[in-house]
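For reference, the structure discussed in these notes is given below.
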Amino acid sequence: MIKRSFFTLTKPGFSYDPIEPDLDKPESIPVPDNLILLLNEPVNHAKQSLIKKGAFVKKGEKLCLYSESTEYVISPVAGSISDIDIFLDALGNTSTYLVIKKDQNKNTDTITYNLKNDITSADKYLRTLPGAPPFKSLASKDNKINTIVITCTDTDLLETTSQYVASQFPTEIKQGAQILKKLTRVSRVCVTIPKGSKIKAGFDTMQVLETSIKYPSNLPAMILKDHLNIILPAGQTPEDVGVCFISAEAVCSLGKAYGTKTANFEKHLTIIGKNGKRHRVTASIGTSLSKIFKVFNIQINDDDRIIIGGPMHGSATYTLHHPVQPDMNTIMIQDKAVIQQISDSACINCGRCVQICPANIPVNILVRYLEADQYEDAADKYDLESCIECGLCAYVCTAKIPLFQHIKLGKHELATLKASSEELETANE
């Protein structure tokens, strides 16, 4: 098996990183004058928007584009909306970009919510809490959830944010778990911790699932298989088989929100610099990454890479002004000199991607169909939807083909094709 380092000073290997034994207090990033929020709904100029440029918003106010919108964001500050624009992600998905200029004189009060002991109420106000709790899935009538898994483990290499939150806030997580059980009426609540971790002592009232330190054992599909005896069917999500995963930080945030009847906005992040050094920070949702880099004197040069997430399945952002998001745990900066270059070379059939794939997918053949845009055949014949997106295939690829990116794009295009087909069928009924 090929082993090489992502950073010049890190140790190579495929084991998850344990949390540091001597934890430093996180650096608290001041709330900037301008916060950027991403609303997961595109602007429709044919409709009358509820969000207007120049409008004043209160701290904790729920912002929706239209009266019938189900997507929303919560403003972390009181201030005025100074800009509204479109935002395109790497797959071409469109969302709305809001800039809120903070009013220094009106940020003492936060809107309180009429939170009730049901999941619909939590979904109505708390979907954008730090940790991105999956209340939308839990509240959906299409999902019959019978097991909730609280993850105190990190899913990617080099990441330790979830372990940090679990180690520092066990009481808050237990309180949040009790609230979660009341809201969902799900009796089986499990918690994942790394094998050998001291975190276990804090969760003796829940079923503890000790996960291996070997990557990719912390991915949901692997936890389902190794600990819950469930093989995730191709093309399905854990919710489809009755299991919902929620991060330790989301559970912690839930407990705080029900205690104060307000939203909280302080997100825990791990910043990994070019030399591999970690910086633990707390920053308000909506804070520009450039503000965080400035605190640590991290210089971003042309052709350096900013990665949201870890090295195996993180995604690059091409702007220093990308905001902190509820589901953002790790920001990694790679110097242009150490970035592994991708290649246009053809597959040489070495078989390494097939040998390392946890889902036993014939990746070498699958990628040929994806390169030819034959997404439906890729799913039907070569198990596209069985991929658990661990990224190991791309890591070991001798030809340096961006296999993981091909697969993510293929899944996205396949979902688009299915949605178009369903819309056509509905229109013809």
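Here are some values of P(r) over Cα pairs in 10 Å bins from 0, in percent: [x] 4, 17, 18, 17, 18, 15, 9, 2, 0; [y] 4, 19, 30, 29, 14, 2, 0; [z] 5, 22, 33, 27, 11, 2, 0. Which one was computed from this structure?
[y]
Under a GNM of the chain (C-alpha, springs under 10 Å), which listed residue has the highest mean-square fluctuation: Glu371, Glu210, Glu61?
Greatest mean-square fluctuation among the candidates belongs to Glu371.
Step by step: find N for segment 93-160, compute 2.2 N^0.38 Å, then divide the Cα radius of gyration by it. What's the final number?
Values: Rg = 16.7 Å, N = 68, 2.2 N^0.38 = 10.9 Å.
After normalising by residue count via 2.2 N^0.38 Å, the value is 1.53.
Name the long-range amide H neighbours of Glu27: under 5 Å, sequence gap of 5 or more, or other chain; modelled H, no Pro or chain starts.
Excluding prolines and chain starts, which carry no amide H, the hits are Arg280, Val281, Thr282.
Quick check on the chain: helices-only [θ] at 222 nm, where DSSP H runs of length 4 and up contribute -39,500 (n - 2.57) each and the sum goes over total residues. Nearest 500, please. Provide the component values of the computation, followed by the final result.
Values: 12 runs with 116 residues, N = 429.
It comes out at -8000 deg cm²/dmol, rounded to the nearest 500.
Using the alpha-carbon centroid of each, what span in Å lies between segment 56-95 and segment 206-241?
About 33 Å separates the Cα centre of segment 56-95 from the one of segment 206-241.
Among Ala46, Thr94, Asn34, whose Cα lies farthest out toward the positive end of the dipole of segment 34-106, if unit charges sit on the beta carbon of Lys, Arg (+1) and Asp, Glu (-1)?
Of the listed residues, the answer is Asn34.
Let me check the size of segment 234-371 from its C-alpha atoms; what are the radius of gyration and Dmax in Å?
19.2, 59
Looking at segment 84-195 only, what percent of DSSP beta bridges run antiparallel? Nearest 5 please. List each step's numbers first, then the result.
On the way: 5 of 10 bridges.
Of those bridges, close to 50 percent are antiparallel.
Shape verdict for segment 34-106, please, from the Cα gyration tensor: rounded (a/c under 1.5), prolate (a/b greater than b/c) or oblate.
On the way: a/c = 1.95, a/b = 1.51, b/c = 1.29.
Because a/c hits 1.5 or more and a/b exceeds b/c, segment 34-106 counts as prolate.
Please report, in debye to the nearest 20, how large the charge dipole of segment 270-318 is about its Cα centre when each Lys and Arg carries +1 at its beta carbon and each Asp and Glu carries -1 there.
Details: 7 positive and 3 negative charges, 58 e Å.
With only Lys, Arg, Asp and Glu charged at Cβ, the dipole is about 280 debye.
Could you give the dipole magnitude of the chain about its Cα centre, charging the beta-carbon of Lys and Arg +1 and that of Asp and Glu -1, in debye to the nearest 20? Intermediate values should be presented prior to the final figure.
Working: 47 positive and 48 negative charges, 302 e Å.
Dipole size: approximately 1460 debye.
Connecting C-alpha atoms closer than 10 Å in a GNM of the chain, tell me which of Glu249, Glu159, Glu172 has the biggest fluctuation.
It is Glu172.
With θ taken as phi - 60° and the coefficients 6.51, -1.76 and 1.60, list the Karplus ³J(HN,Hα) couplings across segment 340-347 in order, rounded to whole Hz; mark glycine and proline as x.
Using θ = phi - 60°, the values come out as 6, 7, 7, 9, 8, 5, 6, 4 Hz.
Nothing charged except the Cβ atoms of Lys and Arg (+1) and of Asp and Glu (-1): what's the magnitude of the dipole of segment 34-106 about its Cα centre? Round to the nearest 20 debye. Write out the running numbers ahead of the final one.
Numbers: 9 positive and 8 negative charges, 84 e Å.
Around 400 debye, computed over segment 34-106.
Could you pull out every whole DSSP H run in the chain that spans at least 27 Å of Cα extent along its own axis and averages -1.0 or higher on the Kyte-Doolittle scale?
Details: long enough: 403-428 (37 Å, -0.42).
Helices passing the filter in the chain: 403-428.
Using Cβ-Cβ distances only, list the Cys residues of the chain with no partner cysteine under 4.7 Å, sorted by number.
Those would be Cys64, Cys152, Cys190, Cys244, Cys252, Cys347, Cys350, Cys357, Cys387, Cys390, Cys397, since no other cysteine Cβ in the chain comes under 4.7 Å of theirs.
To make sure I understand the rule: partners must be lysines, Cα under 29 Å from the Cα of Lys52, and not fewer than 8 residues away in the same chain. Which ones qualify?
Lys62, Lys101, Lys102, Lys106, Lys124, Lys136, Lys261, Lys267, Lys291
Mind sorting Cys64, Cys357 by how few other Cβ atoms lie within 10 Å of their own Cβ, fewest first? Walk me through the numbers on the way to the answer.
Working: Cys64 16, Cys357 22.
With the fewest neighbours first, Cys64, Cys357 line up as Cys64, Cys357.
Given a Förster distance of 45 angstrom, what is the FRET efficiency for Lys144 paired with Leu424, based on the Cβ-Cβ distance and rounded to 0.05?
Working: r = 29 Å, r/R0 = 0.64.
Calculated value: 0.95.
Compute for segment 143-247: radius of gyration divided by Kirkwood radius, i.e. Rg/Rh, restricted to C-alpha atoms, rounded to two decimals. Provide the component values of the computation, followed by the final result.
Details: Rg = 13.2 Å, Rh = 14.0 Å.
When Rh is taken as the Kirkwood radius, the ratio is 0.94.
Going by C-beta contacts inside 10 Å, put Phe293, Phe56 in order with the fewest on the left. Could you put the intermediate results ahead of the total?
Values: Phe293 19, Phe56 13.
Going from least to most buried by this count: Phe56, Phe293.
For Gly54, what is the net charge nearby, where nearby means another residue's Cβ is under 12 Å from its Cβ and Lys, Arg count +1, Asp, Glu -1?
Values: positive: Lys52, Lys53, Lys101; negative: Asp83.
Surrounding charge for Gly54 is +2.
Compute the Kirkwood hydrodynamic radius of segment 352-428, taking the inverse of the mean of 1/r over all pairs of distinct Cα atoms, and give it in Å to one decimal. Intermediate values should be presented prior to the final figure.
Working: mean 1/r = 0.0779 Å⁻¹.
It is 12.8 Å.
If the chain between Thr70 and Lys182 were fully stretched, how many nm would it gain, using 0.36 nm times the residue separation less the Cα-Cα distance?
Values: separation 112, 0.36 × 112 = 40.32 nm, distance 2.36 nm.
Length gained, Thr70 through Lys182: 38.0 nm.
For a quick check: sort Lys174, Lys418 by the number of other beta carbons within 10 angstrom, fewest at the front. Intermediate values should be presented prior to the final figure.
Details: Lys174 19, Lys418 14.
Ordered from fewest to most neighbouring Cβ atoms within 10 Å, Lys174, Lys418 come out as Lys418, Lys174.
Indicate, rounded to the nearest 5 percent, the antiparallel portion of the DSSP beta bridges found entirely in the chain. Provide the component values of the computation, followed by the final result.
Values: 35 of 55 bridges.
Restricted to the chain, the bridges split so that about 65 percent are antiparallel.
Throughout, read-outs are computed from the coordinates displayed, never taken from laboratory work. Here the structure is a predicted model, which is why all the values come from computation and not from measurement. Positions of Cβ are backbone-derived with ideal geometry, glycine not excepted, and every protein chain shown enters the neighbour counts.
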